[in-house]
Amino acid sequence: MKPKIAIFSLTSCEGCSLAILELEDQLLDLLGAVEIVNFREGMTERAWDIDVGFVDGAVSTPQDDEEVRHFRAHCKTLVAIGSCACLGGINTLKHYQSGGATRDEGAAHAAGGNGRVAEYRRYVYGENAEWFATTPARPISAVVAVDYQLPGCPMVKEEFVELVKCLLIGKPFRLPETAVCVECKRRGSRCLYEMGIICFGPITRAGCNAICPAYGSKCEGCRGLVSPDAIAAAGINLREQYRVDLNEALADLRLYGAYQEALLP
């Protein structure tokens, strides 16, 4: 029997779910090997006997919390797809609303504190704030166990296909353990630091083929921090080679990585 696949969405733009539909011919090939049994964006049928469940979006509401626990209970393997599901994504920016919270305040909130919920509900919804329930935004791994993660905004479609193939044949799947800078050098792209642009390439996990720097846009860290060791090494290199302080490079990390920032020492 074909493995049964499901794709779910929590708080997000659902771009990662759409990326699966955009696989086109590759999706047709996959459908020859798997059976999609639950996918709101692609079908009306629903089934809950699931071998592999893919979830995009952050846990940012009480309903998200309830749903992701339900997904975990009905999926033998659970995969987080995209920056929101893997990192909390841009949803975590709300932790720093109302004039901008400090890193310590954001960290406390990301860890489960509810002190700022009323503030950002009012900031977004105004006089109707009480109509909309919300919680601190978190990656799904902060709520349930996750077996695999496919980061990125959106996730890299080729990684999705590779993961499915690995699961089908029982082959281990691993994300790259190098930084985006490695892929930039492979492409022969000019380093943005040499152009005076601060880029997250030295500290962000590779796997996107450095698509943003290749077109002159700085890496914004949508695939998450590669590792604490890589961050330390990057800090030394940035200071010695480009006279850039690591804290300056991390200043915009909150766009995708506010939850990760809160967990940094």
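Tabulated results
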read-out: Looking only at the stretch 1-23, and only at residues there that are part of a helix (DSSP H, G or I) and in contact with a Lys or Arg (Cβ under 9 Å, 6 or more places away or on another chain), the one that is surrounded by the fewest Cβ atoms within 10 Å (Cβ to Cβ); value: 19
read-out: Condition check for residue 40: surrounded by fewer than 16 Cβ atoms within 10 Å (Cβ to Cβ) and on the phi < 0 side of the Ramachandran plot; value: yes
read-out: Only listed residue being more than 20 Å from residue 12 (Cβ to Cβ), part of a loop (DSSP other than H, G, I, E, B) and either touching a strand residue (DSSP E or B) at 6+ places or on another chain (Cβ under 7 Å) or free of Cβ contacts under 8 Å to residues at least 12 places away in the same chain (or both), chosen from 171, 218; value: 171
read-out: In the stretch 179-207, the residues that are in contact with a Cys (Cβ under 8 Å, 6 or more places away or on another chain), not in a helix (DSSP H, G or I) and not small (Gly, Ala, Ser); value: 191, 199, 200, 202, 204
read-out: Residue match in the stretch 91-102 (condition: at pLDDT 80 or above, assigned to a helix (DSSP H, G or I), surrounded by 15 or more Cβ atoms within 10 Å (Cβ to Cβ) and among the β-branched types (Val, Ile, Thr)); value: yes
read-out: Subset of the stretch 24-54 that is at pLDDT 90 or above and either aliphatic (A, V, I, L, M) or assigned to a helix (DSSP H, G or I) (or both) - its residue that is farthest from residue 85 (Cα to Cα); value: 33
read-out: Only one of 157, 165, 185 that is assigned by TED's automatic domain parsing to the domain that holds residue 26, surrounded by fewer than 17 Cβ atoms within 10 Å (Cβ to Cβ) and basic (Lys, Arg); value: 165
read-out: Long-range neighbours under 6 Å by Cβ, at least six apart or interchain, first residue touching a residue at least 60 places away in the same chain (Cβ under 8 Å) within the stretch 149-164, second among the small types (Gly, Ala, Ser) and assigned to a strand (DSSP E or B); value: 149/80
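The values are calculated or read from the model by the stated rules, or taken from the named source; none is laboratory data. None of these values were measured; they are calculated from a predicted model. Heads up, the Cβs are rebuilt from the backbone with ideal geometry, glycines too, and the neighbour counts pull from every protein chain shown.
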